[in-house]
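A short reminder: the numbers here are calculations on the coordinates, not readings from a lab. Fair warning: this is a prediction, and the values are worked out from it, not measured in the lab. Using ideal geometry, Cβ is built from the backbone for each residue, glycine included, and neighbour counts are taken over all protein chains shown.
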Amino acid sequence: MEGWQVVMNKVYITSANAITSIGPDLDALYTGLLENKSGIRKALRFDTAPFVSPYAALIDTLESKNKQSLIFELANRLIDQLPPIDKDCLLITASTKAGIDLLEKKNLMGSTISSKVFPSSLPDYIAQKMGLNNRGFNINSACASSSIAIAKGASLIKLGHADCVLICCMDVITEFTFSGFSALRAMSPLPALPFDKNRQGLTLGEGAAAILLMGEKKMESLNIPPLAQVCSWGIANDAAHVTAPAKDGRGLKLAIKNACTQADIPLDKILAFNTHGTGTVYNDLMEITVLNSLFSKNTCANSIKGAIGHTIGAAGGIEMALCVKMLETSLMPGTAGLKDPEENADNYFSPDPQKISGDYILTTNSGFGGTNAAIILKRSK
Amino acid sequence: MNIVISGLGWVYTTSMGYAGDIKVLPSSKGLPPIERKDIFKEPYKPFGRMDYFSKLGLAAIVFAMKDANLHGSPNKNTGIIASSSTGCLETDMKYQATLLPENNTLPSPALFAYTLPSCFLGEASIRYGLTGESFVINETDTTGMTGLGMAVDLLAVGQIDYMLCGINNSQIDRVDGVDATSIQPGAVFFLLEKNKKNASGSYGKLTRNESNTSFYYKDSPIKNLYDLAQKCVKKNI
């Protein structure tokens, strides 16, 4: 009954999908980014006049049906893209506010609220819709929610607790979220310019991603080829401030170092880095500090949030799906909107696509509460 | 290898504190107000800005740290996993109210920061300088067992020295379609560690079956973290 034996299985991504403001699938996102497309427009979903910015990266055709939350409509679209999946596959979702727009449709004075506003209603909905044998659970850790959900799914496979885990990541833009980032003065009045000297903040975006993880045996038994290996991951807290990153990037550094240590990958083998890159003054400065302290100028880096906005809880999932494409093609899309790179950033970032060398790509996310997550993917031979 | 429960703290509708300092609360009053002096002797400026959900979770964490004698000397390689069905819904509703035109108010940035249910984990990490991983698990049935399994895994593979693992649920009086009795309002947190050299003062060992589907405390199966807390304290709390 002790049951503490630690097994170490390899973990692979066998399917990766994304829905963003740039297009309905991952190919549309990847080719759109290479063609410098942007999904950022003036938002028409609600009145933006009271807020700092009118801009957001919304999915054009996403509309609420029968007073349902937009999140369930987005979930329907994501489910439609999925390959056949075992009913025993464990479901993990990642979303910060899930169906929070249900609060917006109610007069709060004296009325009751639908239980679908709870974040756990998202995995419940998806599991039921897919007929899975488990109800799944949602991981919530601000803007690192997706990365942590993927890390936890990978960990369950690595340790032999699961052989197949589906991670569905999504957040939608509602007046609730939009007004909050505006009130925090984190929002740029113009479309976000990550890592540019003239950046003024983030632009919010919405989107979804599905990452299907499998252990080696499961993958081989289904004769499914891997897209990439999830080598290792690290998660760490800044323990500094609730809404601002630690200036020295201590939490992000620790997360990256832990990820490298876990798989015994030297830092100098990491030659491609998909950053969080929100476009806020302090986040980007923190990441530039981390880049310069850990990586040589041979490492190329990018941020896609100048094109698809900051998709909050979905960001890590969308970026993970994109990393799969980057490894497959050895080509990293440029940093959208970048014109005049911030000091000490120009050696890493480019507005143009960059060739990726080496076998690994690092992707990171950081968020409120001081949370940081780093995941290293390896090219599938 | 052993996983040992070294600390336990809680805030329920009936009582709050830890084994060495239990405050019994008046019955039928719901969750208690939480004042700074309930958890910190010394002034702690950030406490006043926190929402109730954060105070609730932080209080249970602080009680668990005190119970484990780590309040004054925390180990920074400590992570936190919290399970929650409700999240910070009460705070969400208060923030949403600031958006209603008839209230003639501006959206509150201070309130918005706490509409992320994981922010109280950041508060606890800041208070103790904890750099381990921290996240919230949202499940319809908050047993806390998914989080317990993950916490034990982190300790088992040696990634972390201590794990705080628990549940934090706010009161839900105005939500349709939920059996209010199925979600216990309140917070409970455990401080877990591996291979404690001096087992005296701890509550004892946790074990699990080989398929990782069940946990046991002193050979007795654990249904949920509330059940585990009762077994540890050996009386109704």
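General observations
- Other residues whose C-beta falls under 13 angstrom from the C-beta of residue A:327 contribute a net charge of +2, scoring Lys and Arg +1 and Asp and Glu -1.
- For B:67, B:38, order by how many other beta-carbon atoms lie within 10 Å, fewest first: B:38, B:67
- Beta bridges by DSSP in the protein assembly as shown, antiparallel share as percent, to the nearest 5: 70
- Net charge dipole size for chain A [Lys, Arg +1 and Asp, Glu -1 on Cβ; Debye, nearest 20]: 300
- Rounded to two decimals, the Cα radius of gyration of chain B over 2.2 N^0.38 Å is 1.00.
- Top of B:195, B:209, B:168 by mean-square fluctuation, Gaussian network on chain B, Cα under 10 Å: B:209
- Rounded to the nearest whole angstrom, the semi-axes of the ellipsoid equivalent to the protein assembly as shown, taken from the Cα gyration tensor as √(5λ), stand at 35, 28, 23, largest first.
- Per chain A, cysteines lacking a partner by the 4.7 Å Cβ criterion: A:143, A:168, A:169, A:231, A:260, A:300, A:323
- Each Cα pair under 8 Å and six or more residues apart adds its sequence gap; the mean of these over the residue count of chain A is a relative contact order of 24 percent.
- Global geometry of the range A:231-379, whether rounded, prolate or oblate, following the gyration tensor of its Cα atoms and the 1.5 cut on a/c: rounded
- With the cut-off at under 12 Å, measuring from each backbone N in the range A:115-145 to a point 7 Å along the Cα-to-Cβ line of residue B:141 picks out A:134-136.
- Calculated FRET efficiency for the pair residue A:7/residue B:216, C-beta based, R₀ 22 Å, to 0.05: 0.60
- Cleavage-rule hits, trypsin sites (Lys or Arg not before Pro), the range B:1-51, DSSP coil, Cβ neighbours within 10 Å at most 12: B:29, B:41
- DSSP-defined antiparallel bridges as percent of all bridges, the range A:11-221, nearest 5: 60
- In degrees, nearest ten, helix B:119-128 long axis to first principal axis of chain B (Cα): 60
- Where labels lie 7 Å past Cα in the beta-carbon direction, separation of residue B:73 and residue B:104 in nm: 5.8
- Cα-projected label distance for residue A:80 with residue B:161, points at 7 Å along beta-carbon direction, nm: 5.3
- Taken along the Cα-to-beta-carbon direction at a fixed 7 Å, the label points for residue A:330 and residue B:2 span 5.5 nm.
- Cβ crowding within 10 Å ranks B:214, A:121, A:38 as B:214, A:38, A:121, fewest other Cβ atoms first.
- Ignoring the sites themselves, chain A has its longest run without GluC sites (Glu not before Pro) in a DSSP loop having at most 16 other Cβ atoms within 10 Å at A:64-342.
- The protein assembly as shown - mean residue ellipticity at 222 nm from DSSP helices (-39,500 (n - 2.57) per run, n ≥ 4, rounded to 500): -8000 deg cm²/dmol
- Those trypsin sites (Lys or Arg not before Pro) in the range A:208-301 that DSSP places in a loop and that have at most 13 other beta carbons within 10 Å: A:247, A:297
- DSSP beta bridge pairing in chain B, given as percent antiparallel to the nearest 5: 75
- Projected area, mean over directions - the range A:11-221, Cα convex hull, nm²: 13.3
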